[in-house]
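What follows draws every value from the coordinates through simple rules; no lab data is involved. The model shown is predicted, which means the values in this text are computed figures rather than measured ones. We place every Cβ from the backbone using ideal geometry, glycine too, and count neighbours over all the protein chains shown.
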Amino acid sequence: MATIRCTGKLEAQIGMKLPAIPDVSPFDWHANLLWLDGKKHILFCSDATRLSCLTPEVSKSQIRELPWLLKSALRSVMADERFAHGSIERVIAAQDPIALARTANRSVLGTINDNTMHIRFLRERSEGQSQIGLSELHHHLNHMPMKPNGWKHAIESFKQDFVDAVA
């Protein structure tokens with residue numbers, strides 16, 4: 001079972017008080033509401049691997065469908081990274097069922113805050129050129145060395161810990 005652990009900003013957007021679930025599974029994700037150019041996006045970050053997935057613009061009604069948003073964003077990241085179709089489907093299926101809870105993991109929240117700054121910087125730097133796309137943002141975020149991963153890239157940790165686990 002996977003859990004999407006939401007920040008307070010996202011919990012408020014969902015409109016319900018989420019429980020604090022203490023157990024952490026390898027398939028847990030953390031989610032934060034991110035505003036870019038006045039539009040809402042959700043940034044997901046894997047607890048175990050720090051893989052990050054950013055959604056396209058979302059509406060308030062879509063925010064209530066966090067499990068679907070996570071699966072869609074994760075599928076996009078994996079497809080962009082050229083994972084085999086079978087691997088993608090196994091990883092997506094391994095997420096079910098998905099519970100929602102409050103987050104309190106300061107380490108993952110730090111990663112989310114760092115990634116938010118990277119996203120804002122990359123978008124700002126690309127102004128005047130063609131707008132940077134989700135694929136480029138994902139590639140940048142997931143190919144940076146991460147201290148919680150022993151300085152491995154998030155995509156490498158994801159391949160080892162996630163994809164190999166459900167193979």
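Measuring nothing but how far apart in sequence close Cα pairs (under 8 Å, 6+ apart) lie, relative to its length, the chain scores a relative contact order of 28 percent. Between amide H atoms placed 1.01 Å from N, distances below 5 Å from Met146 occur with Trp151, Lys152, His153, Ala154, all of them 5 or more places distant or on a separate chain. Our helix-only sum for the chain, with -39,500 (n - 2.57) per DSSP H run of n ≥ 4 divided by its residues, gives a mean residue ellipticity at 222 nm of -12500 deg cm²/dmol.
Relative to the Cα centre, the charge distribution of the range 1-78, modelled as +1 at Lys and Arg Cβ and -1 at Asp and Glu Cβ, gives a dipole magnitude of about 180 debye. Excluding same-chain neighbours fewer than eight residues apart, the lysines reachable from Lys60 by a Cα-Cα span under 20 Å are Lys9, Lys17, Lys39, Lys40, Lys71. Can you grab the distance from the C-alpha centre of the range 129-167 to the C-alpha centre of the range 52-66, Å, no decimals? Their Cα centres are 20 Å away from one another. Put +1 on the Cβ of every Lys and Arg and -1 on every Asp and Glu Cβ in the range 2-162; which of Thr116, Leu134, Ser76 then has its Cα farthest towards the positive end of the dipole? The Cα lying farthest towards the positive end belongs to Thr116.
Neighbours of Leu18 by Cβ distance under 9 Å: Lys/Arg scored +1, Asp/Glu scored -1, total +2.
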